[in-house]
1. Give the residues of segment A:145-165 that are at the interface with another protein chain (Cβ under 10 Å from one of its Cβ atoms), among the basic types (Lys, Arg) and assigned to a helix (DSSP H, G or I), sorted by residue number.
2. Quick check on segment B:304-317. Is at least one of its residues among the aliphatic types (A, V, I, L, M), over 17 Å from the mean Cα position of the chain (by Cα), surrounded by fewer than 18 Cβ atoms within 10 Å (Cβ to Cβ) and more than 19 Å from B:LEU106 (Cβ to Cβ)?
3. In segment A:200-216, how many are within 13 Å of chain B (Cβ to nearest Cβ) and surrounded by fewer than 19 Cβ atoms within 10 Å (Cβ to Cβ)?
4. Take the residues in segment A:166-199 that are within 11 Å of chain B (Cβ to nearest Cβ) and of a type in the set (D, E, K, R), then tell me which one is farthest from A:LEU142 (Cα to Cα).
5. Here is a list of conditions, (1) touching a Lys or Arg at 6+ places or on another chain (Cβ under 6 Å); (2) not in a helix (DSSP H, G or I), and B:PRO239 meets all of them except one; can you say which number that is?
6. State all residues of segment B:100-126 that are among the charged types (D, E, K, R) and more than 21 Å from the chain's Cα centre (by Cα); if no residue qualifies, say none.
7. Checking the structure you have, find out if any residue of segment A:293-303 is touching a Gly at 6+ places or on another chain (Cβ under 8 Å), under 30 Å from A:PRO72 (Cβ atoms), among the charged types (D, E, K, R) and surrounded by 15 or more Cβ atoms within 10 Å (Cβ to Cβ).
8. For segment A:127-144, state whether one or more residues are assigned to a helix (DSSP H, G or I), at the interface with another protein chain (Cβ under 9 Å from one of its Cβ atoms), under 30 Å from A:VAL84 (Cα atoms) and out of contact with any Asp or Glu (no Cβ under 7 Å at 6 or more places or on another chain).
Amino acid sequence: MQKVKAEPILDVEGLKTYFPIKRGILKRTVGWLKAVDDVSFFIRPGETLGLVGESGCGKTTCARSIIRLVEPTDGEIIFKGKNVREIPESEMRELRRDMQIIFQDPYASLNPRMSVTSIVGEGLRIHEMQPWSEIRARVGDLLEEVGLSRTFVNRYPHEFSGGQRQRIGIARALALNPEFIICDEAVSALDVSIQAQIINLLEDLQSQRGFAYLFIAHDLSVVEHISDRVAVMYLGKIVETATSEDLYRDPRHPYTIALLNAVPVPDPTRKKEVKRLRGQVPTLASLPKGCRFHPRCERKTGQCEQEEPPAVDLGNGHVVYCHECKK
Amino acid sequence: MDEEKNTQPVTQEVEAKPGRSLWGDAFHRLRKDKFAVMSFVIIVIYLFVAILSGLDWIAYNYDKQHFKRDKNGKETTELDDYSKPSLGHWRKTDVPGRDVYIPGHLLGTDVQGRDVFQRVVQGTWISLYVALIMSMIYIVIAVFLGALAGYFGGWVDDLIQWFYQTTASIPGLLLIIALTFVLGKGLGNVAIALGVVGWVGLCRLMRAEFLKHKGRDYVLAARAQGAGSFRIMFRHILPNTFHIVIISFSLGFVNAIMGEVTLTFIGLGAKPEQPSWGRMISDARAELARDPAVWWPIVGATTGMFIVCLAFNILGDALRDALDPKLKE
């Protein structure tokens, strides 16, 4: 997929989100949990950026920081030319119309006490102050758009299956006609067959409405399918960014290579030599010095233990943060 | 994945009928519980009786004094004091075939010849009136402060916590007595004092619930939609925690009724002429010491109180079972 090189709709520069670690009766801050530490990326209109990484590496915090569900500690988040971190809450509310989020767990993300109309139509109610009768009709249209029946408008979440609930979550994200949607592991909690349906739905919606996605997942095969570009995250930092094609054809960072090796191949006759990663993932509260990946890396040198790796640009937007990956 | 482009989901999975909310669901479960239904019916009867007597449609002559009757059934000028409960009886008169029916007092009469049963009925109104005012006051305070503390955290939480810890550390009865001295005696003031003192328990529960819910995905989703704090607190989180308020209301009602009785017993609540259950129980101190003991006023008042308290307790437990999302079968 070739996209027109337009101005990015979202430009994240040096995003840091730290959580204080408090101890004792006086709740003194004894340290910082660096969930997201100096992350930079951009997304162009209509483009999909995949963000992958293992559990606990800060993907979700990163996503929530962008729409300020979590307050970032530092960095710039430029969305449609406005710095999300600096605008007041009232203006932020307006900006939220254009950036929406689809959550991972379709059971937790829908309010069990509210009907589908109230859930999906909430944004319309807040931003456009329409009467409920009109909202109900629009919610019906949205439900049809995500492949549900419009007769569901008066139902409650507990009457639906996981896949259907996720469709309701998608309808909610679509309601305000956003330009950018964050899919925070939007398919991870679903069955594989349902995953395929939801991903196809997301792709169809993108081609019809042309919004940009930040697609977060821990499953590389899912990300490969939907993304134009992919960023790989490890312990709060991005270690490699490339177009989807480049990354899968020619991964450079040892972590990316290990991740790709871990993807199961649906072929029982093929015996693949799996290079397993050794060692434990360090905690975010006490990060190793130098390159964060060095305790588990096979190619580490003395330099890796001391210095943070620089960005190495391999052309065509392929950037890798590694001492040993220089050409 | 491309081959099986299936954007048409199985929509037949749930047939098109109007949805049933979780409240509807809980109501359905509650209806299956026989004891709960019975308790509910009893409470409704009490409410009905209370309203009717409050409007003076029944038991309006609870303070009417009764006079002794002569052997012809004519009222004398002598005041009837204590008389035992009776259903009434026919009395022979001098004229044969013209016997008169003397209506009895179902629960006897008190020291001034007033019908105890009518006073018990009138007491229903007083009790429910006190309980209702108290509940309204403490529920509003508890929900509002609990919601603020749990949702906003930080210094708001610290302040509210300090406030309820201080309130809780003063013995409740003392605080109520102090408040009624400030506000003055009387039932309305007793109700206010009970409400002002009784909010701490529910407030703690609400704070914990809001704390738990504010990080949930559905709340984040609402914020992502642009919902403000108050919309999230009262439109999103409150309905999800409201079952606690309902249960607390049902069980707290009992405390209110008994609180009124206790305070009247120590002389702070109802005035002597008011027919409250507490007043009747208070008077029983002297009555039970008599020989033969006058037992009917206290039996009437405590039975009236016992049945409604038991009904509220059973209903409260049934509500807890029906409304708790974790106990769903």
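The values are calculated or read from the model by the stated rules, or taken from the named source; none is laboratory data. Quantities reported herein were computed from a predicted structural model and do not represent experimental measurements. Backbone-built Cβ (ideal geometry, glycine too); neighbour counts: all protein chains shown.
1. Matches in segment A:145-165: A:ARG150 only.
2. The initial filter retains those residues of segment B:304-317 that are among the aliphatic types (A, V, I, L, M), namely B:305, B:307-308, B:310-311, B:314-315.
Keeping just the survivors that are over 17 Å from the mean Cα position of the chain (by Cα) gives none.
Within segment B:304-317 (the criterion being among the aliphatic types (A, V, I, L, M), over 17 Å from the mean Cα position of the chain (by Cα), surrounded by fewer than 18 Cβ atoms within 10 Å (Cβ to Cβ) and more than 19 Å from B:LEU106 (Cβ to Cβ)), the answer is no, since none of the residues qualifies.
3. Within segment A:200-216, residues that are within 13 Å of chain B (Cβ to nearest Cβ) and surrounded by fewer than 19 Cβ atoms within 10 Å (Cβ to Cβ) number 5.
4. Looking at residues that are within 11 Å of chain B (Cβ to nearest Cβ) and of a type in the set (D, E, K, R), I get A:ASP184.
5. For B:PRO239, the failing item is (2).
6. Of segment B:100-126, the ones among the charged types (D, E, K, R) are B:110, B:114-115, B:119.
Those that are among the charged types (D, E, K, R) and more than 21 Å from the chain's Cα centre (by Cα): B:ASP110, B:ARG114, B:ASP115.
7. Applying the first criterion (touching a Gly at 6+ places or on another chain (Cβ under 8 Å)) to segment A:293-303 yields A:295-296, A:303.
Those still in the list that are under 30 Å from A:PRO72 (Cβ atoms) too: A:295-296.
Imposing the further condition that a residue be among the charged types (D, E, K, R) reduces the set to A:296.
This time we only want the ones that are surrounded by 15 or more Cβ atoms within 10 Å (Cβ to Cβ), so: A:296.
Yes - at least one qualifying residue is present in segment A:293-303.
8. yes
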